[in-house]
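What follows is a set of notes on a single structure, which appears directly below.
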2 protein chains.
Amino acid sequence: MRFDEPLMLCSGASIAGYELVYETYGTLNAERSNAVLVCHALNAGHHVAGIYADDPGNLGWWDNMVGPGKPVDTDRFFVIGVNNLGSCFGSTGPMSPDPATGKPYGPDFPVVTVEDWVHAQARLADALGIERLAAVMGGSLGGMQALAWSCLYPQRVAHCAAVATAPKLSAQNIAFNEVARRAIITDPDFHGGRFYEHGVVPVRGLQVARMIGHITYLSDDVMGEKFGRALRRHVSDAALPGGYRFTFDVEFEIESYLRYQGEKFSSYFDANTYLLITRALDYYDPALAHDGDLARALAPALADFLVVSFTTDWRFAPERSREIVEALLANGRRVTYAEVDAPHGHDAFLLDDAQYMAVMRSWFERVDARVRAGAPAGHAQEAR
Amino acid sequence: MRFDEPLMLCSGASIAGYELVYETYGTLNAERSNAVLVCHALNAGHHVAGIYADDPGNLGWWDNMVGPGKPVDTDRFFVIGVNNLGSCFGSTGPMSPDPATGKPYGPDFPVVTVEDWVHAQARLADALGIERLAAVMGGSLGGMQALAWSCLYPQRVAHCAAVATAPKLSAQNIAFNEVARRAIITDPDFHGGRFYEHGVVPVRGLQVARMIGHITYLSDDVMGEKFGRALRRHVSDAALPGGYRFTFDVEFEIESYLRYQGEKFSSYFDANTYLLITRALDYYDPALAHDGDLARALAPALADFLVVSFTTDWRFAPERSREIVEALLANGRRVTYAEVDAPHGHDAFLLDDAQYMAVMRSWFERVDARVRAGAPAGHAQEAR
């Protein structure tokens, strides 16, 4: 979808015109009241569910959640996946040509925020003729967008599902982002963000950034269970004490896993996008303009909420979700909160967990029932 | 101290001859029974306490613990600080000339283990005429050396203080080490470890490595209290929303802190040493040769133990110390265990905390009393 009207950004900059790539699943009903918008996190985009006929290996990133008969049932809902502004999966971003120069934006692509993304997504909803969304949903950074939607467009969001998210990053969260950014920015192949013109990619920086990320996505426990201190087979075959090889190469399975993840990521993810997305994470802090009072920040929201956290998620711990729940309750909002006992850390929001899936399914069944009853609203509808 | 006899290493390699830099504090008594060996962790060395007349700003790394009237009272004890083999603070290491080539060892310096360090330290004790140490002590990686001493030289260790340590690294611990190593190794200025010959230093890699380290040294809470989401003054002066500047430069205080720590570290720490020391951490696992049975691994130890952990230390959490305590108790060893409620994370072992210092002082008073009674031993002495 092409948008020619400039978009004013939080930073004061604006973007002249832009494209958003999106995918839809299911059928928009006649009342246009069954649309569910899925917001993505760092390493994802519009391709939420299913496969392409010509690329059957490329499964949508939330395919276990969205599809026919799945918790977000595309036999009932019209689901929209949209790639955010500044991303590298098709929407306008740092790799796109800057109309001012004809060359890729690179570091000149403006810094965007969660709120900017939401405004851009709202225009997409406009263009699709959807005045009111049955639900906005997202995990992690996607959950922040869902929260922002509920505050910026309260009349347009009937239900809001914020999964494994936080009302703002902690100092430790920002610290991890900063280390990842430094790894990228100090890679000589980054060239101040103009690496496209040099025909190179800062793969070393991207690899280190992704390795750091992966450590924070998994719980200490699941990392222990999955990898522990196991050595790679060819290593433990050696006759040296402990099976060690006494090198700095890959010896432990966990090293192999991280290096593989880093290499895979660096082969497709744009370094400038990494910077932009982590900065959007850093900046999101709706309470900032309200003297740190989250309840006041969320006061405009009218949606019915679902908040989900995972016990072993130390990146966005359950305590962070509870802050959101308490702020919503302080405003008299209706909130379903599930703290899922799952071992997988932050990654859990992408994985199959019976309890988690049951919570999502049951909550979306209620959303569907309201849509069918012609009352797809939360508080706003009732207040009429 | 120069050692000309080759030292066989765990890896099967050997080091021809080497020097260990050490410092001593206090006076060795006539019975040579009041010696306390301090083992250092990653970023430290022999300079444990005090200052040098010509460098008054260079305070020893554990000066709050060791000195006249301090918990490890140098009016009573003869304290030895020794820089480990492979380090970069004076003992033979990667920056030293390889006798085979006359050029710095660089990547040819052999991979050393905690046990190798202990054997090298034992030779130093021999050379100082100390048959039996009143105590061996250390924090973090230093605690691993203290544990290894108690098992490798049970008759030579009367007391053993292992602070903020673990019986082995977890997969997550190894993961953080691996990311730090990758940042260094993939820095083009690393030159496969031969950067000395190129007149450069892999500062970018060292900076990122140190930044990662610092995140794991501090608790999430103390980082929140110390830095939170505060913006640097010149930043928050800006009139943009939230005080943000919409850049990837330092905006948050936590970014400034990490960058400063990284830059400082890269100005004095050797990259090859970083690899060696983190690998020694990875490899330490005394239970490995005993089917994972830590009690069997620690069975040779005869010392009286002090084990200390800190509630907010998520790098080496209290659970890890409790594993040590339980294994020692299973062997009928005498153990004092203190779980100190301190907010500072892993860093707490280097900081002043009243409860922590009181525990250390009281335990070392008992060590001193035994030294004075001519019975500076734990179990071994009693078993005679």
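Within segment B:144-163, track down each residue that is touching a Phe, Trp or Tyr at 6+ places or on another chain (Cβ under 8 Å) and not hydroxyl-bearing (Ser, Thr, Tyr).
B:144, B:145, B:148, B:156, B:157, B:159, B:160, B:161, B:162, B:163
Here's the yes/no breakdown for (1) among the acidic types (Asp, Glu); (2) without any contact (Cβ under 8 Å) to a residue 12 or more places away in the chain; (3) closer than 23 Å to residue A:217 by Cα:
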site: A:306; (1), (2), (3): no, no, yes
site: A:316; (1), (2), (3): no, no, yes
site: A:327; (1), (2), (3): no, no, no
site: A:338; (1), (2), (3): no, no, yes
site: A:347; (1), (2), (3): yes, no, yes
site: A:350; (1), (2), (3): no, no, yes
site: A:354; (1), (2), (3): no, yes, yes
site: A:365; (1), (2), (3): yes, yes, no
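Taking segment A:143-165 as the region of interest, how many residues are surrounded by 24 or more Cβ atoms within 10 Å (Cβ to Cβ) and within 14 Å of another protein chain (Cβ to nearest Cβ)?
To start, the set of residues in segment A:143-165 that are surrounded by 24 or more Cβ atoms within 10 Å (Cβ to Cβ) comprises A:143-150, A:157-165.
The next check asks that each one be within 14 Å of another protein chain (Cβ to nearest Cβ); those that pass are A:148.
Counting residues in segment A:143-165 that are surrounded by 24 or more Cβ atoms within 10 Å (Cβ to Cβ) and within 14 Å of another protein chain (Cβ to nearest Cβ) gives 1.
Give me the residue from segment B:75-94 that is part of a strand (DSSP E or B) and not small (Gly, Ala, Ser) and, out of that set, farthest from residue B:107 (Cα to Cα).
Among residues in segment B:75-94 that are part of a strand (DSSP E or B) and not small (Gly, Ala, Ser), the one farthest from residue B:107 (Cα to Cα) is B:78.
Quick one: residue B:96 ticks every box in (1) buried (at least 23 other Cβ atoms within 10 Å of the Cβ); (2) more than 14 Å from chain A (Cβ to nearest Cβ); (3) touching a Phe, Trp or Tyr at 6+ places or on another chain (Cβ under 7 Å) bar one, so which box is it?
Evaluating residue B:96 over (1) buried (at least 23 other Cβ atoms within 10 Å of the Cβ); (2) more than 14 Å from chain A (Cβ to nearest Cβ); (3) touching a Phe, Trp or Tyr at 6+ places or on another chain (Cβ under 7 Å) leaves (1) as the failure.
Among the residues of segment B:264-281, is there at least one that is in a helix (DSSP H, G or I), more than 9 Å from chain A (Cβ to nearest Cβ), in contact with an Asp or Glu (Cβ under 8 Å, 6 or more places away or on another chain) and over 26 Å from residue B:108 (Cα atoms)?
Scanning segment B:264-281 turns up no residue that is in a helix (DSSP H, G or I), more than 9 Å from chain A (Cβ to nearest Cβ), in contact with an Asp or Glu (Cβ under 8 Å, 6 or more places away or on another chain) and over 26 Å from residue B:108 (Cα atoms).
Tell me which of these residue B:357 doesn't satisfy, since it passes every other one: (1) closer than 23 Å to residue B:66 by Cβ; (2) surrounded by 23 or more Cβ atoms within 10 Å (Cβ to Cβ); (3) of a type outside the set (Ser, Thr, Tyr).
(2)
Counting residues that are closer than 18 Å to residue A:179 by Cβ and at the interface with another protein chain (Cβ under 10 Å from one of its Cβ atoms), which helices (runs of 4 or more DSSP H) fully inside segment B:166-237 reach at least 1?
B:171-185, B:203-217, B:220-226
Considering only segment B:129-165, state which residues are under 22 Å from residue B:322 (Cβ atoms) and part of a loop (DSSP other than H, G, I, E, B). If you could, list the steps in order and put the result at the bottom.
Initially, segment B:129-165 is screened for residues under 22 Å from residue B:322 (Cβ atoms), giving B:135-151, B:157, B:159-165.
The answer is B:140, B:164, B:165.
Return the total of residues in segment A:25-51 being at negative phi and part of a loop (DSSP other than H, G, I, E, B).
Going through segment A:25-51 one residue at a time, the tally reaches 18.
Determine which single condition residue B:50 fails, assuming it passes every other condition in (1) surrounded by 19 or more Cβ atoms within 10 Å (Cβ to Cβ); (2) under 21 Å from residue B:357 (Cα atoms); (3) out of contact with any helix residue (DSSP H, G or I) (no Cβ under 6 Å at 6 or more places or on another chain).
That leaves (1) as the condition not met.
Note down all Cβ pairs under 9 Å where the first residue falls in segment A:4-15 and is touching a residue at least 60 places away in the same chain (Cβ under 8 Å) and farther than 12 Å from residue A:119 by Cα, the second is surrounded by 18 or more Cβ atoms within 10 Å (Cβ to Cβ) and charged (D, E, K, R), and they're at least six residues apart or on different chains.
Pairs that qualify, where the first residue is touching a residue at least 60 places away in the same chain (Cβ under 8 Å) and farther than 12 Å from residue A:119 by Cα and the partner is surrounded by 18 or more Cβ atoms within 10 Å (Cβ to Cβ) and charged (D, E, K, R), are A:11/A:116; A:11/B:245; A:15/A:116.
Values in this text are rule-based calculations from the coordinates and carry no lab data. Quick caveat, the model's predicted, so the values are computed rather than measured. All Cβ positions, even for glycine, are placed from backbone atoms using ideal geometry, and neighbour counts span all protein chains on display.
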